Amino acid sequence: MNILVTGATGFLGKKLSQDLVNEGHTLFLLARNEQKASQLLQSFADKDKSKIHMVMGDVSKPGLGLTQQDLQRVQHKIDAVYHLAAYLSFDPAHKSQTFMVNVDGTKNTLLFAEGIGASRFIYVSTAYTVGKEVAGKEELYNPKRSFVNHYEESKCLAEHLVVSHSDKMEVVIVRPSIIIGDSRTGEADTNFGLYGLLKGLCVLKRRASRTAGWQNQKYRIRLDVNVQTNLVPVDYVTSVLVAALTHAQNKTIYHASNPAPPTQELVIECIKEVLDFPNLQAIPYESGESLSEEEKVFHASMGIFKEYFTRTLHFPTDNTRDLLRKVNRSELEMNKALLTSIIRGYQKQPVLT
Ligand SMILES: NC(=O)c1ccc[n+]([C@@H]2O[C@H](COP(=O)([O-])OP(=O)(O)OC[C@H]3O[C@@H](n4cnc5c(N)ncnc54)[C@H](OP(=O)(O)O)[C@@H]3O)[C@@H](O)[C@H]2O)c1
């Protein structure tokens with residue numbers, strides 16, 4: 001098939017593009033930055049490069065800002081569009097940018113897909129469109145709900161736009177939870193989600209280690225050990241997305257999430273081992289213990305994640321299980337050894353050195 005991918009230069013987009021080319025598809029990859037476009041093209045094996053076509057554009061512009069020449073390259077040639085491009089920020093100061101890319105950008109991409117005659121549109125949303133409720137459903141949510149941040153709200157509004165186009169082309173929504181590295185290599189080219197926490201803990205450890213005898217002190221992190229964190233490896237998410245290309249039902253929503261998510265206690269155990277930070281200690285979020293200066297700095301930077309550290313959300317995966325069964329795959333099973341080896345991949349990232 002001929003497939004257009006937006007957000008192809010991102011963490012998930014790179015892995016998805018690689019998997020799609022491995023399946024023999026021809027790809028048109030939208031990028032807004034020449035240097036990233038060139039790096040992405042170089043990342044493919046020489047034998048595959050003839051199947052990769054870079055298209056410069058920006059989803060926040062009508063017609064995705066394509067030149068006439070690029071438009072002709074894709075007109076009536078694209079079978080399916082994967083729309084991943086998004087602005088991932090929980091910062092309230094970034095509200096207008098978040099809505100412009102995630103909501104207007106999705107509208108522009110839907111109109112563009114229709115205009116070029118694509119017959120299938122696969123939208124990558126997030127499981128967290130559930131907002132402040134804890135019981136998710138593989139159904140469209142009422143957007144008049146309470147959200148933790150504008151990012152969640154923007155993705156929920158975008159889902160409604162996607163479904164409103166279902167009379168023009170087949171539409172599918174895939175909702176990943178918190179995406180972590182590749183289950184085989186640990187590779188994770190992102191600072192989002194778990195990697196924001198890891199980065200913060202590395203900074204805490206570095207600051208703490210300037211004090212003599214720091215190994216004998218405890219460094220406290222506020223979180224509720226029994227809360228589950230829904231972590232899902234990037235290659236599992238792409239396997240759901242690839243299956244959706246041929247086997248997903250029109251107007252259907254799929255949670256690409258972990259059916260048995262780890263507790264935060266387990267996640268912290270793995271992190272302590274990988275970062276060699278045994279004196280890290282979880283304390284309840286509402287504990288009255290006063291924090292040291294280093295600990296306060298760490299918690300200030302993690303404040304926007306509080307809602308995710310204190311609630312267990314449930315994401316049913318019945319649709320995804322059925323979808324994967326059709327391609328002879330089973331659902332994710334992530335034990336402690338797998339989680340530790342994925343987190344270990346973080347140490348290969350240049351950000352640590
Ligand atoms: N990471 C997660 O844990 C997670 C969880 C659930 C859902 N998701 C969803 O998965 C998708 C991919 O996320 P990710 O983690 O791969 O994010 P990412 O690494 O930040 O990638 C975002 C991609 O969107 C592109 N983009 C942003 N604004 C654009 C614009 N105006 N025009 C064109 N492209 C634009 C970026 O291009 P540049 O490279 O030029 O910046 C990049 O390719 C998103 O839709 C996100 O909401 C992610």
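The values are calculated or read from the model by the stated rules, or taken from the named source; none is laboratory data. Fair warning: this is a prediction, and the values are worked out from it, not measured in the lab. Ideal geometry is used to build each Cβ from the backbone, glycine not excepted, and the neighbour counts take in all protein chains shown. We work out accessible area using only protein heavy atoms, side chains counted, and drop any ligands, DNA or RNA first. Shrake-Rupley method; radii C 1.70, N 1.55, O 1.52, S 1.80 Å.
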Quiz item: With respect to the cross-link table entries 296/336; 49/348; 95/132; 95/155; 14/199; 36/348, which display a Cα-Cα separation exceeding 24 Å?
Solution: 296/336; 49/348
Practice problem: Calculate, for the chain, the solvent-accessible area per residue in square angstrom, rolling a 1.4 angstrom probe over the heavy atoms of the protein chains. | Solution: 45
Practice problem: Quote the relative contact order of the chain in percent (integer), defining contacts as alpha-carbon pairs under 8 Å separated by 6+ residues. | Solution: 18
Exercise. Show 111, 84 ordered by accessible area, largest first, where the area counts protein heavy atoms only and the probe is 1.4 Å.
Key: 111, 84
Quiz item: What's the Cα-based Rg to Rh of segment 173-310, Rh via Kirkwood?
Solution: 1.05
Quiz item: Taking θ as phi - 60°, what are the ³J(HN,Hα) couplings along segment 85-92 by the Karplus curve (6.51, -1.76, 1.60), each to the nearest whole Hz, with x for Gly and Pro?
Solution: 4, 6, 9, 9, 8, 9, 6, x
Self-check item: Amide H contacts under 5 Å for residue 189, placed H, 5+ residues apart
Solution: none
Self-check item: Residues with amide H under 5 Å from that of residue 282, placed H, sequence gap 5 or more
Solution: 221
Quiz item: If you roll a 1.4 Å probe over the chain with all protein chains in place, what percent of the accessible area is carbon or sulfur?
Solution: 49
Quiz item: In what order, largest first, do 223, 291 sit by accessible area if the probe radius is 1.4 Å?
Solution: 291, 223
Quiz item: Where in segment 307-343 are there GluC sites (Glu not before Pro) that are in a DSSP coil and have at most 14 other Cβ atoms within 10 angstrom of their Cβ?
Solution: 333
Self-check item: Vicinal HN-Hα couplings computed from phi for segment 208-225 (Karplus, 6.51 cos²θ - 1.76 cosθ + 1.60; Hz; Gly/Pro x)
Solution: 5, 6, 6, 9, 4, x, 4, 5, 8, 9, 8, 10, 9, 10, 7, 6, 8, 4
Self-check item: 0 to 90° range, to nearest 10: angle between helix 105-115 axis and the chain longest Cα axis
Solution: 20
Quiz item: Can you give the calculated 222 nm mean residue ellipticity of the chain, where each DSSP H run of n ≥ 4 adds -39,500 (n - 2.57) and the sum is split over every residue, rounded to the nearest 500 deg cm²/dmol?
Solution: -11000 deg cm²/dmol
Quiz item: With springs only between Cα atoms under 10 Å, which of 196, 303, 136 fluctuates most in a Gaussian network model of the chain?
Solution: 303
Quiz item: Of 27, 339, 88, which has the largest mean-square fluctuation in a 10 Å C-alpha GNM of the chain?
Solution: 88
Quiz prompt | Karplus-derived HN-Hα couplings along segment 186-203 (A = 6.51, B = -1.76, C = 1.60, θ = phi - 60°), whole Hz, x at Gly and Pro | solution = x, 4, 8, 8, 7, 10, 8, x, 3, 6, x, 5, 4, 4, x, 5, 5, 5
Practice problem: Go ahead and collect, in residue order, the members of segment 1-43 whose backbone nitrogen is under 18 Å from a label point 7 Å along the Cα-Cβ direction of residue 49. | Solution: 18, 21-22, 26-29, 34-43
Quiz item: How large is log10 I(q)/I(0) at q = 0.22 Å⁻¹ when the Debye formula is applied to the Cα atoms of segment 269-323, each weighted equally and without solvent?
Solution: -1.04
Exercise. Beyond 19 Å, what share of the Cα-Cα pairs of segment 2-176 is found? Please give it as a whole percent.
Key: 56
Quiz prompt | Net dipole in debye of the chain [+1 Lys, Arg Cβ; -1 Asp, Glu Cβ; about Cα centre; nearest 20] | solution = 400
Exercise. Please report the relative contact order for segment 2-176, taking Cα pairs under 8 Å with a sequence separation of at least 6, and give it as a percent rounded to a whole number.
Key: 21
Quiz item: How big is the shadow of the Cα convex hull of the chain, averaged over all directions, in nm²?
Solution: 17.9
Exercise. Ignoring everything but the protein chains, give the 1.4 Å probe accessible area of residue 59 in square angstrom, nearest 10.
Key: 10
Quiz prompt | Net charge of Cβ neighbours under 9 Å - reference residue 172; Lys, Arg +1; Asp, Glu -1 | solution = +1
Quiz item: On a 0 to 90 degree scale, rounded to 10, what angle separates helix 264-274 from the longest Cα axis of the chain?
Solution: 80
Quiz prompt | Among 126, 246, 211, residue whose mean-square fluctuation peaks in a GNM of the chain (springs only between Cα atoms under 10 Å) | solution = 211
Quiz prompt | Largest to smallest accessible area among 145, 206 [probe 1.4 Å] | solution = 206, 145
